[in-house]
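Derivation of every value follows stated rules applied to the coordinates shown; laboratory data play no part. Remember, predicted model here, so these are calculated numbers, not experimental data. All Cβ positions, glycine included, derive from the backbone under ideal geometry; neighbour counts span all protein chains shown.
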Amino acid sequence: MSTAVVPVDLGKIRGLQRVTSAAGFFEICALDHLSDFAELLGRDPASFADVVTAKDALVRALSPSVSAWLLDARYGLHAVATGALPGAVGLMSTIEDEDYSIPEGPRRTRYREGWGLRQIKLAGADVAKLLWFYRPDGDAATAEHQRYVVRSLADECARLSLPLVVEPIWYPLPGEDPAFSRWRAARVDGILRSAFEANSLGVDMLKVEFPGYVDSQQGRDNAAAACKELDAGISVPWVILSAGVGYADFKTQVEIACRAGASGYLAGRSIWRDAVSTHDPAARDAAVAEARARLDELNAITRANGRPYVAAHSLPDVLATMPDGWFTAWHPVD
């Protein structure tokens with residue numbers, strides 16, 4: 001086993017500390033949704049103020065049960081300015097401009113116009129997140145472009161001392177049918193390979209699709225084995241995303257993933273969908289309370305089964321990498 005001292009990056013250490021719970025788990029609610037969130041409001045059309053107001057209310061109501069929020073620049077970061085996001089709760093922000101409509105053919109990352117990593121850092125976010133569509137078995141030029149995207153963002157995040165979370169997404173290519181068992185099996189393998197690839201490109205954390213299915217005992221057993229393979233093949237902390245599945249299934253997925261080494265979850269619609277799509281005030285209050293209960297239950301599952309993540313280093317390593325006057329060589333941010 002190597003005894004090399006790990007370089008200390010104060011910004012990344014602090015950023016990852018800020019989005020974990022006191023016990024070291026990622027208990028994070030995602031609210032970076034764009035058009036799909038607006039559609040849930042049931043207004044034709046929902047105004048900019050409608051969406052911002054609804055997200056602000058949700059952040060305010062659910063913050064006591066999360067370690068951090070994932071928010072978008074267009075509608076979500078207003079919650080910092082209004083005080084809906086408490087100072088004790090961490091903040092992740094997205095860099096991409098994406099939705100859940102998947103076009104035909106190869107897919108490349110689309111950045112939000114006028115928004116970048118430096119702004120994410122200056123806005124006070126602790127971590128940046130990238131949604132990363134990746135099919136290396138498809139168009140070779142697109143696959144190389146997507147690898148370049150992660151490498152370049154990882155390099156810039158290193159210069160900014162800003163942790164980078166990557167969310168690999170395996171998507172169907174033309175002619176593939178996600179309903180077929182052959183595609184479902186290829187998807188599981190693709191989720192693992194994409195995670196391994198992203199891990200090798202310098203990311204700090206992975207937000208991963210659940211590598212399997214939980215609709216049968218055999219499916220759950222296979223998924224548990226895939227999660228263990230995933231954990232063994234990466235060197236960074238990882239969490240499970242919800243992808244909008246039903247809450248009961250997601251709860252099962254979190255337990256399986258945490259038992260295999262995951263350090264929590266980063267989930268959205270499976271938790272709060274009803275709290276947004278319900279429009280009667282009394283029913284909406286009940287749905288918000290249910291969302292809180294779901295978060296609390298997921299937190300309990302995570303803490304009982306997951307692997308805590310500690311961003312800090314040992315004192316001897318810190319003394320070795322931060323000697324007297326260390327700050328004179330601390331890299332500047334342009």
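Our helix-only sum for the chain, with -39,500 (n - 2.57) per DSSP H run of n ≥ 4 divided by its residues, gives a mean residue ellipticity at 222 nm of -14500 deg cm²/dmol.
Each Lys or Arg adds one and each Asp or Glu subtracts one; over the other residues with Cβ under 12 Å from the Cβ of F196, this totals -3. With a simple spin-label model that places each label point 7 Å from the Cα along the Cα-to-Cβ direction, the separation between R184 and S200 comes to 3.0 nm.
When you filter the chymotrypsin sites (Phe, Trp or Tyr not before Pro) in the range 144-186 for DSSP loop state and at most 13 other Cβ atoms inside 10 Å of their Cβ, you are left with F180. Within the set (i) 26, 45, 25, 4, 0; (ii) 29, 49, 17, 4, 1, 0; (iii) 30, 60, 9, 0, the number that P(r) over Cα pairs in 20 Å bins from 0, in percent takes when calculated for this structure is listed as (iii). The charge dipole of the chain, taken about its Cα centre with unit charges on the Cβ of Lys, Arg, Asp and Glu (plus for the first two, minus for the last two), comes to roughly 500 debye. Positive contributions from Lys and Arg (+1) and negative ones from Asp and Glu (-1), summed over other residues with Cβ under 15 Å from the Cβ of W326, come out at -3. Computed over the chain, relative contact order equals 19 percent, with contacts defined as Cα pairs under 8 Å that lie 6+ residues apart. Exposure proxy for M92, M205: other Cβ atoms within 10 Å of each Cβ, ordered fewest to most, give M92, M205. Going through the cross-link list K207/K228; K12/K228; K12/K121, which pairs have a Cα-Cα distance over 19 Å in this structure? Checking Cα-Cα distances, K12/K228 exceed 19 Å. Near G15, once Lys and Arg are set to +1 and Asp and Glu to -1 for all other residues with Cβ below 11 Å from its Cβ, the sum equals +1. For the range 79-153, trypsin sites (Lys or Arg not before Pro) meeting the loop criterion (DSSP other than H, G, I, E, B) and having at most 14 other Cβ atoms within 10 Å: R108, R110. Centroid-to-centroid, using Cα positions, the range 149-216 and the range 226-289 are 16 Å apart.
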